[in-house]
Structure formats: C-alpha cells, structure tokens
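The values are calculated or read from the model by the stated rules, or taken from the named source; none is laboratory data. Just so it is clear, the structure is predicted and the values come from calculations on it, not from any experiment. For neighbour counting, all protein chains shown are included, and Cβ atoms are generated from backbone atoms with ideal geometry for every residue, glycine included.
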Amino acid sequence: MLWYKMWRESWIRFAISAAALLWMCGAVVLLQQQVRAHADEPLSYAHYIWSAVYKANVLDLYILLVIVLGLGGMLQERAQGTAGFTLALPVSRWRLIAVRAVMGWAQVALLALLPALLIPLLSPFVGEAYPFVLALQFSVLWAGCGMVIFALTFFLSSVLSGAYSPAIASVAGLIACSVLAELPLLQGHPALDFLGTMHGAQLSTVHGETSLTAFASPLPWLSLGLYALVALCLIGVAGGITARRDFS
Amino acid sequence: MSALRPLLFKAWCESRERFVLGAVLLTAICALGIFCRGSLMKVFLPNESFVGDPYVGYIYRLVYGGPARGLFAIMAMVLALGGLQRERLHRTAGFTLALPVSRARLAGMQALLGLGQIAVLSALPLFLLTVCSPLAQVSYPLEQTARFSLLWMAGGAVFFAVAFLASTLFRNEYAALAVSFVFMIFYPIVVLFPPLNRYPLNVHHIMSGLAMPYFDARTALLVGAPPWALLASMAAVAGVLIGLAVQITKQRDYS
C-alpha cells in the first residue's frame with residue numbers, strides 16, 4: 001500500500017521525465033546526420049552520442065528531472081493538509097521515508113537506463129551501431145550519480161518548506177560542486193568531480209578519442225561507492241529530521 | 001486600484017522564499033566570483049588566448065554566459081509556478097476565488113509580481129559588480145552590466161511566461177516544473193534545425209549574447225546598439241503566453 005502511495009505521488013513526474021528523455025534521445029539519434037554534417041570537426045557516431053547525450057543536453061535534462069523527482073515529502077504534505085492522514089498510517093516515519101527514497105531511486109535508475117535501451121535499438125535505423133554494454137556503462141554512472149542528486153533534493157525537501165525552494169537549492173549545490181571540483185586544490189581527486197564522473201570523465205580519455213574500445217574501461221566503482229554512501233547519509237539525515245519534526 | 005496592493009502582497013507571500021533564496025544564491029555567485037577571483041579565474045578563464053580584459057572575460061564566463069545565467073533561467077521558471085492550480089491542491093482556491101476580484105486580476109497580479117522579481121534578479125549582477133568590483137580593485141563596465149541586465153530581463157520574462165502557462169495547464173504542482181525544465185533544454189535544440197536556425201530564436205544565446213551579432217566573443221563585450229527588435233519580440237512572446245495563461249485561468253473550473 002505504501003509503495004502504491006509513493007508511486008501515485010510521483011508517477012506523473014516519472015512519466016513526463018521518461019517521455020522527455022526518450023524523445024530527446026530519439027531526436028539525437030534520428031538527427032545525427034544533420035548535426036554531424038554541421039559539426040566543426042569530424043565526429044564519430046560514438047563520440048557524437050557521447051557529446052549530445054552523455055555529456056551535454058540529455059545529461060542536463062536528466063539532472064533537472066531527477067531534481068524534480070526528489071521534491072515533495074512530509075513538509076509539502078503539511079502544506080497540502082494531508083500530512084495528518086499519512087502520519088496516521090500504521091507505519092513508522094522511518095519506513096515512510098525509506099519507501100519514498102527507494103521508490104525515487106528506482107525511478108532514477110530506470111530513467112538512467114532509458115538511453116541505454118533506446119540508443120542501441122534506434123542506431124541501426126540510421127545505419128550506425130552503438131554497443132549496449134557501452135550505453136549501459138553510462139547508465140550505471142547516471143544512476144549512481146543520479147541517486148546523490150535525488151538524495152540531495154530529498155534532504156533539502158525535508159529542510160526547506162517551500163515547494164520549489166529545494167529545486168533551486170539543489171541546482172545551486174550542483175553548480176557549486178562542479179566549480180569546486182575544477183579548483184586546482186581538488187583537481188587531484190577525481191571522485192570529487194561529480195559531474196565529470198557522470199559524463200564519463202573517469203571512464204577513459206573520451207576527448208578526441210573516436211574508438212569505441214576506448215570507452216570500455218572499468219567503471220569508477222570507488223567514486224560510485226562514495227556517492228552511494230553520501231546518498232544514504234543524506235537520506236538518513238532527512239529521515240532523522242522527519243522523525244523528530246512536529247507536523248501539526 | 002485598491003485591490004492591487006493586497007493581491008501583490010498575497011503573490012509576494014507565496015513566492016518570497018523562492019525569490020529570496022534565488023537572490024541569495026545569485027549574490028553568492030557574484031560576490032564569490034569577485035572576491036575569490038584568484039582561484040576561480042583559473043577555472044573559468046584558463047591559460048588561453050583571450051584578447052580582452054581578463055576580468056571582463058572571467059565575469060562573462062562566470063555570470064553572464066555561465067552558471068549564474070543558468071541559475072537565473074531556472075529561477076525565472078520556478079518563480080512562475082504556483083497559482084490557482086496549486087491552491088486547489090492546498091484546498092485554498094475557494095478562499096482566493098471568493099475574493100472580490102476577477103480571476104484575470106488575480107493571475108495578472110501574480111504575473112506582474114513575478115516579472116518584477118525577475119527584473120530585480122536580472123539587475124542584481126549590475127548592482128553587485130558595480131559595488132563590489134572596486135572593493136576588489138577591479139572594474140567591470142557599467143554599460144555592459146546594464147545591457148546584459150536588459151537581455152536577462154527579456155529572456156527571463158520568456159522563461160517565466162512558459163512556466164506560468166505550464167502551471168495553469170497542469171494540476172500536479174511538480175509536473176509544471178518538469179515540463180518547464182524539458183522546454184528549457186529541448187527548445188534550444190529544436191531551433192538548431194532548419195528552417196528555425198535562420199532566426200535568432202535561442203533565448204539562452206540571446207541572454208548570453210553567444211553567436212549573436214551584438215556580442216564580440218573575443219573581448220566578451222556587447223557591441224553596437226542593443227537588439228531592441230529582438231527584446232521587443234521576446235516581450236511580446238512573454239505577453240502572449242501570459243495572456244493565454246490568464247484566459248485559461250478565467251475559464252477553468254477549480255472546484
């Protein structure tokens with residue numbers, strides 16, 4: 001029942017996000033010839049997909065949509081006058097938080113998987129090929145990093161009472177993260193380059209590399225593990241705050 | 001006229017948290033950019049051939065063509081959300097609709113306040129760069145900040161209007177936000193393709209001046225006369241979208 005509640009609260013956002021991502025990926029693949037023809041320098045198909053999907057526009061969209069998925073929670077329910085009904089359910093507040101977080105993470109992971117399903121499938125229609133394994137590697141990176149973004153917004157939603165303020169704060173947090181990671185002091189720690197990890201900076205020397213095999217290096221499991229830990233901590237703190245707060 | 005102030009105050013109470021948060025974050029980016037430029041300049045203006053004033057180029061890449069502009073565009077959309085659809089969710093739409101004012105006036109005041117907030121936010125870098133730069137023994141041309149503010153205001157109004165329309169169309173308060181974000185990313189891609197690519201339709205580029213005839217990328221300075229026709233067109237687009245949203249609000253059943 002709790003799972004169904006969480007699904008009902010987020011399914012519209014999830015459906016819009018999935019449709020938008022599929023639409024964007026489809027457009028990127030189907031319009032590849034026109035875009036590559038107008039590129040400043042010759043681009044291999046793999047590099048084009050990386051620049052259009054995994055590094056730029058579609059990645060930006062994914063990040064923003066994950067932020068939208070992280071919004072909501074008990075503070076918003078209080079504003080809507082439904083917090084009392086939710087808190088009256090025979091489950092602990094921790095369980096409420098956990099189910100919402102797991103549902104959100106599952107949606108984030110599913111969204112990350114969509115380009116990996118669509119791009120290899122559509123590529124033969126434009127006379128190209130894109131390996132599923134390679135696409136899956138990026139999906140793992142997106143899912144791993146997406147969970148932190150989701151957890152950050154989730155945490156901010158339990159702190160900031162405004163419906164949309166957590167979204168602004170999350171965007172600002174990500175901007176700060178990307179700028180800090182570029183500082184000379186932190187450049188030796190690739191795990192701190194969160195957005196870099198997300199677009200595969202740690203996978204290989206993507207820049208200027210046109211061979212598909214160049215992408216097939218091992219995933220940065222250490223960074224992903226660190227992000228999972230950060231995400232769990234953020235959800236844990238959000239749970240602690242929610243468990244103690246008076247929602248009357 | 002007597003209803004104007006209470007309606008504006010109501011709209012202000014509903015959006016002030018978002019506005020203040022946005023203003024604080026924009027201020028933080030500008031202030032940190034100015035006072036911590038020693039470290040940040042290496043990030044935003046790495047060793048490369050930049051013929052203009054390095055500080056001007058750095059401020060452009062941090063503020064007018066960089067993260068601050070992105071944050072501003074997002075804030076413009078977030079400020080537009082809310083309204084009667086959200087009030088229906090919160091079960092307060094009945095109280096608002098019972099006020100002795102027309103729905104058009106209710107929605108109009110919300111739009112007016114939002115556009116005012118966007119004007120303030122777009123002028124914030126102007127104020128901060130003018131005041132803080134001399135404190136850090138650097139200077140940024142006042143005329144440039146004023147012109148960029150104008151571009152931001154027009155671009156912000158368009159993003160605001162899109163989100164304003166979305167918030168009147170969608171019942172779910174987060175669906176409007178998701179659709180606005182999708183528009184923000186998808187629309188610049190659409191205008192890359194013919195026949196749209198013949199016209200300056202990319203609001204992001206119009207705001208930053210990127211690839212525009214009124215911007216010199218080598219010096220990161222706006223040149224020539226301001227693009228009044230473009231600005232007027234953007235204001236007209238924003239006006240039409242807001243007008244459409246008001247019409248929808250007038251006809252919708254909020255019971």
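For the range B:73-118, the set of residues classified as more than 14 Å from chain A (Cβ to nearest Cβ) and not in a helix (DSSP H, G or I) consists of B:A98, B:L99, B:P100, B:V101, B:S102, listed by residue number.
What do you reckon, is B:G22 facing chain A (nearest Cβ under 10 Å), out of contact with any Ser or Thr (no Cβ under 7 Å at 6 or more places or on another chain) and surrounded by 17 or more Cβ atoms within 10 Å (Cβ to Cβ)? Steps first, please.
On the way: facing chain A (nearest Cβ under 10 Å): yes; out of contact with any Ser or Thr (no Cβ under 7 Å at 6 or more places or on another chain): yes; surrounded by 17 or more Cβ atoms within 10 Å (Cβ to Cβ): yes.
Judged against the criteria, B:G22 is a match.
Could you say which residue among A:V53, A:V28, A:V68, A:V35 is touching a Cys at 6+ places or on another chain (Cβ under 9 Å) and within 13 Å of chain B (Cβ to nearest Cβ)?
Details: A:V28 fails: touching a Cys at 6+ places or on another chain (Cβ under 9 Å); A:V68 fails: touching a Cys at 6+ places or on another chain (Cβ under 9 Å); A:V35 fails: touching a Cys at 6+ places or on another chain (Cβ under 9 Å).
Unique residue meeting the criteria: A:V53.
Is it true that B:T219 is in contact (Cβ under 8 Å) with a residue 40 or more places away in the chain, touching a Gly at 6+ places or on another chain (Cβ under 9 Å) and not in a helix (DSSP H, G or I)? Yes: the conditions hold for B:T219.
Can you find even one residue in the range B:42-53 that is assigned to a helix (DSSP H, G or I) and more than 9 Å from chain A (Cβ to nearest Cβ)? No, the range B:42-53 contains no residue that is assigned to a helix (DSSP H, G or I) and more than 9 Å from chain A (Cβ to nearest Cβ).
Name the single residue that is nearest to the other protein chains (Cβ to nearest Cβ) among those in the range B:197-216 being assigned to a helix (DSSP H, G or I) and within 18 Å of B:L241 (Cβ to Cβ). Break it down into steps so the answer makes sense when it comes.
Looking only at the range B:197-216, we keep the residues that are assigned to a helix (DSSP H, G or I), and these are B:197-198, B:203-208.
Filter once more, so that each one left must be within 18 Å of B:L241 (Cβ to Cβ): B:203-204, B:206-207.
Numbers: B:V203: 15, B:H204: 11, B:I206: 18, B:M207: 16 Å.
Out of the qualifying residues, it is B:H204.
Condition check for A:L87 on (1) of a type outside the set (G, A, S); (2) away from chain B (no Cβ under 12 Å); (3) within 20 Å of B:N172 (Cα to Cα): one failure, at (3). The residue that is farthest from the other protein chains (Cβ to nearest Cβ), counting only those in the range A:143-174 that are touching a residue at least 24 places away in the same chain (Cβ under 8 Å) and either in contact with a strand residue (DSSP E or B) (Cβ under 9 Å, 6 or more places away or on another chain) or among the hydroxyl-bearing types (S, T, Y) (or both), is A:S158. The residue list B:R171, B:R147 contains one member that is basic (K, R) and in a loop (DSSP other than H, G, I, E, B), which is B:R171. For the range A:175-212, a residue qualifies if it is at pLDDT below 65 and either more than 17 Å from A:S139 (Cα to Cα) or within 14 Å of chain B (Cβ to nearest Cβ) (or both), and the qualifying residues are A:T205, A:H207, A:G208, A:E209, A:T210, A:S211.
Quick one: is B:V138 surrounded by fewer than 23 Cβ atoms within 10 Å (Cβ to Cβ) and within 13 Å of chain A (Cβ to nearest Cβ)?
Working: surrounded by fewer than 23 Cβ atoms within 10 Å (Cβ to Cβ): yes; within 13 Å of chain A (Cβ to nearest Cβ): no.
In short, no.
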